[in-house]
Amino acid sequence: MHPITLRPYQQEAVEATLAHFRQQRDAAVLVLPTGAGKSLVIAELARRARGPVLVLAHVTELVEQNHQKLRALQVRAGIYAAGLKQRDRDPSVICASIQSLAPNLEAFQRPVSLLIIDECHRVSLDEKSQYQQVLRHFRALNPELCCLGLTATPYRLGEGWIYQDHYRGFRRSETPRPFQRCIYELPISQLIRQGYLTAPQLIDRALRGYDFSSLIPQSNGEFSEQQLDGWLGRHPRVTRGICEELIEQAQTRRGAMIFAATVKHAQEIHSYLPTQQSALITAQTSSTEREEAISRFRAQELKFLVNVAVLTTGFDVPHVDLIAILRPTQSVSLFQQMAGRGLRLAPGKTECLILDYAGNGFSLNHPEVGSPKPASDTEPVQVFCPACGFANLFWGRKDASGQVIEHFGRRCQGLLDIDQSPAQACDYRFRFRECPVCAAENDITSRQCHQCAATLIDPDDQLKKALQLKDARILRCAGVTATAEKGRLRLTYHGEEGETLSEWFDLQHPGQCQAFNQIFGRRYQGADKPTRFSEVEQVINLKHPLPAPDFVIARRRQKQLRIDARLFDYVGRYRKANCL
């Protein structure tokens with residue numbers, strides 16, 4: 001047997017893990033893309049561990065794969081998985097299926113020193129979940145338990161990031177997450193550049209494919225099966241045309257994986273493909289049928305393998321050299337995972353053709369922003385924090401020269417002291433709701449002030465109340481202009497139908513100047529360049545427009561309409577200007 005040598009990045013991931021757990025016991029994550037060889041990293045960590053090790057996975061393919069790598073490193077390991085008909089408990093290293101282990105925890109009374117969770121993005125904070133039951137059990141046996149997760153997708157739409165802090169000095173989540181810190185991350189593009197993955201040929205086939213732009217994503221950022229089936233049912237010719245093209249493209253290919261949007265869609269795709277050369281796998285496919293299909297595909301007896309959200313992880317067939325993405329997603333990570341199924345190295349394989357028929361608009365170089373794409377014309381942009389200087393990554397827009405003209409970030413993600421546990425995060429906010437009691441800045445969705453605990457007025461309640469008042473007027477603001485009038489600054493708010501409201505600020509008056517700067521100067525240029533204005537001419541001659549509120553509420557006093565409230569960064573049920 002040839003000795004196995006870890007690749008440099010695999011060794012770095014191992015050393016980062018050892019260094020982390022020598023200093024602390026916070027649950028940690030390694031982010032390694034598809035094809036990076038997570039199983040070998042797991043095996044090396046188990047080999048170097050100073051006590052019993054438990055390796056968890058959610059599918060038997062991964063349990064078996066991890067066990068094989070352990071044996072390759074000459075580590076004595078057992079398997080505990082009903083699907084593999086093995087229930088070993090004696091070896092110091094056990095590879096277990098979470099479904100088999102969780103109901104039988106009473107059989108495991110030996111403490112473990114290291115608990116490794118493969119595909120750890122499946123771990124939630126739900127106390128009743130199988131993963132949390134296992135973690136509670138083994139932490140009770142060993143309070144000093146080291147918990148490590150490995151995944152290629154640390155962000156999940158609808159659920160958020162699976163960890164809080166990143167070793168490069170930024171915070172992903174303000175709320176508790178299953179893992180405290182990401183201690184090592186490797187982008188898929190780096191593996192491609194270094195030759196550890198096959199070169200991709202990514203082609204956007206949206207013009208030949210589907211136009212899902214009219215569909216509205218759910219709150220979790222994805223599209224409902226009913227919505228997708230309704231749209232796809234009205235365009236059967238498109239699906240047939242795509243399949244005809246795939247059959248033609250596959251003539252010079254060894255293996256093609258097709259990612260469908262729904263089960264019904266997958267069945268339709270499968271019906272258009274050569275019967276003797278294709279198979280379909282969904283969540284309803286029995287384990288026997290699934291294993292047979294994968295086995296035949298791995299042996300290249302089948303050319304096409306159609307699936308619905310079941311082969312994005314834990315699937316290792318290196319000869320795949322054609323990937324067809326026929327499902328829409330707003331997740332960069334999910335897109336890259338689907339594409340990554342065809343990037344493993346194989347003898348005679350020089351590149352992988354990736355065809356995106358869903359117009360997702362992502363590439364393999366796209367970083368994960370950590371929120372659904374707010375609009376089709378947005379892209380990842382870098383925004384520096386004016387308080388700590390951290391380079392944030394948000395969705396945003398650029399002009400023709402490449403300058404950021406708008407972004408959708410809320411709070412700086414920078415950490416002020418990454419070595420501290422827990423780390424202190426920068427508190428600068430790009431979008432905020434100001435507390436009327438203490439003037440503290442809160443998240444735009446907050447209902448209670450984080451500083452004084454005062455109840456923050458719900459903007460929907462404000463608008464609803466104003467709609468009920470006879471002397472109130474609400475303007476859906478589409479923009480604001482500034483002019484000079486008798487030495488004062490006049491701001492005119494413009495509605496989407498041409499209506500206007502105005503107010504005046506005397507910038508020579510300290511109180512009014514402070515109020516103007518708190519409202520507009522603080523938010524200037526997306527709040528990444530807050531500015532203090534002291535002269536009317538400064539405002540009038542600005543290169544970039546003043547920030548416009550989403551709604552302006554005015555009340556009639558002494559026969560005149562006076563501005564009562566300006567609602568910035570509105571999130572709620574009412575429609576904003578120029579939004580259908």
**Q.** Share of alpha-carbon pairs per 10 Å distance bin for region 1-79, given as whole %
**A.** 16, 53, 30, 1
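Please give the FRET efficiency for residue 464 paired with residue 124, using the beta carbon to beta carbon distance and R0 = 25 Å, rounded to the nearest 0.05.
On the way: r = 35 Å, r/R0 = 1.39.
Between residue 464 and residue 124 the formula returns 0.10.
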Q: With everything on Cα atoms, drop me the angle between helix 287-298 and the longest principal axis of the chain, reported from 0 to 90° to the nearest 10.
A: 80 degrees
**Q.** Of every Cα-Cα pair in region 379-425, the percent that sits beyond 12 Å
**A.** 63 percent
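Can you list which of the trypsin sites (Lys or Arg not before Pro) found in region 76-120 are DSSP loop residues with at most 11 other C-beta atoms within 10 Å? Let's see the in-between values first.
Details: sites: 76, 85, 87, 89; in loops: 76, 85, 89.
Here the sparse-neighbourhood loop sites are 76, 85.
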Q | ³J(HN,Hα), Karplus 6.51/-1.76/1.60, whole Hz, each residue of region 114-121, x for Gly, Pro | A | 9, 10, 10, 10, 7, 6, 6, 5
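On average, how much area does the Cα convex hull of region 8-186 cover when viewed from any direction, in nm²? All intermediate terms of the calculation are to be shown ahead of the outcome.
On the way: hull surface 39.1 nm².
Its average projected convex-hull area is 9.8 nm².
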Q: Please list, in chain and number order, the residues 5+ apart from residue 167 or on another chain whose amide H is under 5 Å from its amide H, with Hs placed from the backbone.
A: 182
Q: Could you tell me which of rounded, prolate or oblate describes region 433-567, using a ≥ b ≥ c as the square roots of the eigenvalues of the alpha-carbon gyration tensor, with rounded for a/c under 1.5 and, failing that, prolate when a/b is larger than b/c and oblate otherwise?
A: oblate
Q) So who's got an amide H within less than 5 Å of the one on residue 254, skipping anything under 5 residues away but keeping other chains? H placed 1.01 Å off N, in plane. A) 321
Q | Karplus 3J(HN,Hα) series, Hz, for region 536-551 with 6.51 cos²θ - 1.76 cosθ + 1.60 (x for Gly, Pro) | A | 4, 4, 4, 6, 5, 8, 5, 6, 10, x, 5, x, 9, x, 7, 9
**Q.** residue 398 long-range amide H proximity, modeled H, under 5 Å
**A.** 405
Q | Cα-based helix-to-principal-axis angle, 263-272 vs the chain, degrees rounded to 10 | A | 60 degrees
Q: For helix 459-468, report the angle its Cα long axis makes with the longest principal axis of the Cα atoms of the chain; keep it between 0 and 90° and round to the nearest 10°.
A: 40 degrees
(Q) Could you tell me the center-to-center distance, by alpha carbons, between region 13-81 and region 242-302 in angstrom? (A) 31 Å
Q.
I'd like the distance separating the alpha-carbon centroids of region 133-176 and region 390-415, in whole Å.
A. 27 Å
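For Cα pairs less than 8 Å apart in space and 6+ apart in sequence, what is the mean separation divided by the residue count of region 379-425, i.e. the relative contact order in percent?
Values: 71 pairs, mean separation 13.0, N = 47.
That works out to 28 percent.
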(Q) What whole-number volume per residue, in cubic angstrom, does the convex hull of the C-alpha atoms of region 32-71 give? (A) 74 Å³
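Only sites in a loop by DSSP and with at most 15 other Cβ atoms within 10 Å count here; which trypsin sites (Lys or Arg not before Pro) in region 140-238 make the cut?
Here the trypsin sites (Lys or Arg not before Pro) that fit, given the DSSP loop and packing criteria, are 168, 208, 234.
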Q) In nanometres, what is the gap between the two model label sites at residue 47 and residue 105, each 7 Å from Cα along Cα-to-Cβ? A) 3.2 nm
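Counting Lys +1, Arg +1, Asp -1, Glu -1, what net charge surrounds residue 154 among other residues with beta carbon under 10 Å of its beta carbon? Kindly include the intermediate steps, with their values, before the conclusion.
Values: positive: 156, 172, 177; negative: 185, 368.
It works out to a net charge of +1.
Please get the size of the charge dipole for the chain, origin at its Cα centre, with Cβ charges of +1 on Lys and Arg and -1 on Asp and Glu, quoted in debye to the nearest 20. All intermediate terms of the calculation are to be shown ahead of the outcome.
Details: 72 positive and 62 negative charges, 113 e Å.
Around 540 debye, computed over the chain.
Divide by every residue of the chain the summed helix terms, -39500 (n - 2.57) for each DSSP H run of at least 4, and state the resulting mean residue ellipticity at 222 nm, rounded to the nearest 500 deg cm²/dmol.
-7000 deg cm²/dmol
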Q. How are the C-alpha pair distances of region 207-364 spread across 5 Å bins, as whole percents from the shortest bin up?
A. 2, 9, 19, 24, 22, 15, 7, 2, 0
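Which value results for Rg/Rh of region 71-127 when Rg is the Cα radius of gyration and Rh the Kirkwood radius based on the inverse mean 1/r? Write out the running numbers ahead of the final one.
Numbers: Rg = 12.2 Å, Rh = 12.7 Å.
Value, to two decimals: 0.96.
For residue 514 and residue 89, calculate 0.36 nm times their separation in residues minus their Cα-Cα distance, and state this gained length in nm to one decimal. Don't jump to the answer; show the numbers that get you there.
Working: separation 425, 0.36 × 425 = 153.00 nm, distance 6.92 nm.
Answer, rounded to one decimal: 146.1 nm.
Values in this text are rule-based calculations from the coordinates and carry no lab data. Predicted, not measured: the structure shown is a model, and the values here were computed from it. Cβ coordinates were reconstructed from backbone atoms using ideal geometry, including for glycine residues, and neighbour counts include every protein chain displayed.
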